[in-house]
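Notes to accompany the following structure.
The values are calculated or read from the model by the stated rules, or taken from the named source; none is laboratory data. Keep in mind that this is a model prediction, so the values were computed, not measured. Note: areas computed on protein heavy atoms with side chains; ligands, DNA, RNA excluded. Shrake-Rupley method; radii C 1.70, N 1.55, O 1.52, S 1.80 Å.
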Amino acid sequence: MKRLLISLTLLLFLQLAYGQKPKIIILATGGTIAGQGASANRAGYTSGKIPVSDLIGSIPSINEIAEVSGEQISSVGSQDMSLDIWKKLAVRINEIFSKKEADGIVITHGTDTQEETAYFLDLVVAYDSPVVLTGAMRASTAISADGPKNLFDAITLAADAKSKGRGVLVSFNESIFSSRDVTKLSTTKVNAFGSPNSGAIGQVFDGKVEFYKSSDRQVKPLAPFKIDANTVFPKVEIAYMYADASPAYLNLLVKEKAAGIVIAGVGNGNFSKAFTEQVKQAVKTGIMVCRGSRCVSGRVVEDGEVNDDELGTLVSDDLNPQKARILLMLGLLNTHDKETLQGYFLRY
């Protein structure tokens, strides 16, 4: 606590001596961080009940770091996150930065799909100013709620000049993660997030930000995929592979004329002979099929046990299936050329 007070005092002195405090806008979407439970010692709660103004009010010391305001974009648990909410976020973020309304943005978000929103925004935000997502594993009414501390850290991160140009970040449990590499690893623990292939890129502690490394997959140029409020996204779905899995869902997606399918394969993106026959049919109809893996780490390599050139499939590299879906969905807005789409997976 003494170190934190010293850090805050020094930051306040520098701000008074050299300029105004950074402006941070919080875009609230709901989630556990805004959850409300009937009892402080029970796990049950309802997401998205607490307004953003109350979230900001829960950490009054943040006013010493930044000038903070908030906007309510939605009030949902992130299991109900949607493409429409993603579009609202992307359009509003680009508007904020284009009009210089803020120096950085923090998004409060449920943890279930937080990694997906973060990666989507990393691909469509057209500015290099900091955008940081955070949330909580315990409702705001719970004993030892983690939301206020996570929000404090996220604002600290978004207000720090070192965060600029690093793409969209996730701040959770004092760790900083690249949006491309982060994933939720625990259903209930407060240290729910990690990056199995690369690890955290930094930490936020005692009111300070420390970066230890950068992601080589940072989105450059910014916003390789352009969207607006009127964008209609192609239908891309995920099919899960397991022992003796039925290919019926693949057949259904072919009938529904999906634009793309990501297969959460076993091991190195492998799937059964029954799946293979349906994949052939899907590719023949013009559907882009991407081989991903249900494994938590590693990458899917081209032409491993599967001959991708012959089958006509893409590989996700080290993107998990849910993020591969996002990249394929955005990629199909630009092109249906297989080689170009595969290049996106190796670049972004």
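For Val125, the residues whose modelled amide H falls within less than 5 Å of its own, excluding neighbours fewer than 5 places apart on the same chain, are Ala223. Backbone geometry of segment 72-84 corresponds, through the Karplus equation with coefficients 6.51, -1.76 and 1.60 at θ = phi - 60°, to 3J(HN,Hα) couplings of 8, 7, 7, 9, 10, x, 6, 5, 9, 4, 9, 4, 5 Hz, x marking Gly and Pro.
When shorter helices are ignored and each DSSP H run of at least 4 residues is given -39500 (n - 2.57), the per-residue value for the chain at 222 nm works out to -9500 deg cm²/dmol. Would you please classify the overall shape of segment 284-344 from the alpha carbon gyration tensor, given that a ≥ b ≥ c denote the square roots of the eigenvalues, rounded means a/c under 1.5, and beyond that prolate means a/b larger than b/c while oblate covers the rest? It comes out oblate by the Cα gyration axes. The residues of the chain have, on average, 45 Å² of accessible surface per residue, using a 1.4 Å probe with all protein chains present. The stretch between Glu95 and Leu333 holds 83.5 nm of extra length on full extension. This uses 0.36 nm per residue minus the Cα-Cα distance.
Surface composition of the chain: carbon and sulfur atoms hold 50% of the protein heavy-atom accessible area at a 1.4 Å probe. Amide H to amide H, with H built 1.01 Å from N, Tyr348 comes under 5 Å of no residue 5 or more places away or on another chain. Among Asn173, Asn251, Asn268, the residue with the largest mean-square fluctuation in a Gaussian network model of the chain, with springs joining Cα atoms closer than 10 Å, is Asn251.
Between Ala248 and Ala229, the contour length at 0.36 nm per residue exceeds the alpha carbon distance by 3.4 nm. Once backbone amide H atoms are built at 1.01 Å from N, Tyr240 has Ala264 as its partners under 5 Å, excluding neighbours fewer than 5 places away on the same chain. With the Cα gyration tensor of the chain giving a ≥ b ≥ c as the square roots of its eigenvalues, does the rule (a/c under 1.5 for rounded; else a/b larger than b/c for prolate; else oblate) give rounded, prolate or oblate? In terms of gyration-tensor shape, prolate. For segment 229-235, 3J(HN,Hα) computed residue by residue from phi via the Karplus equation (6.51, -1.76, 1.60; θ = phi - 60°) reads 4, 9, 4, 10, 7, x, 6 Hz, glycine and proline entered as x.
Listed cross-link partners Lys88/Lys323; Lys255/Lys280; Lys162/Lys184; Lys164/Lys338; Lys21/Lys164 are compared with a 23 Å cut-off, the Cα-Cα value being larger for Lys162/Lys184; Lys164/Lys338.
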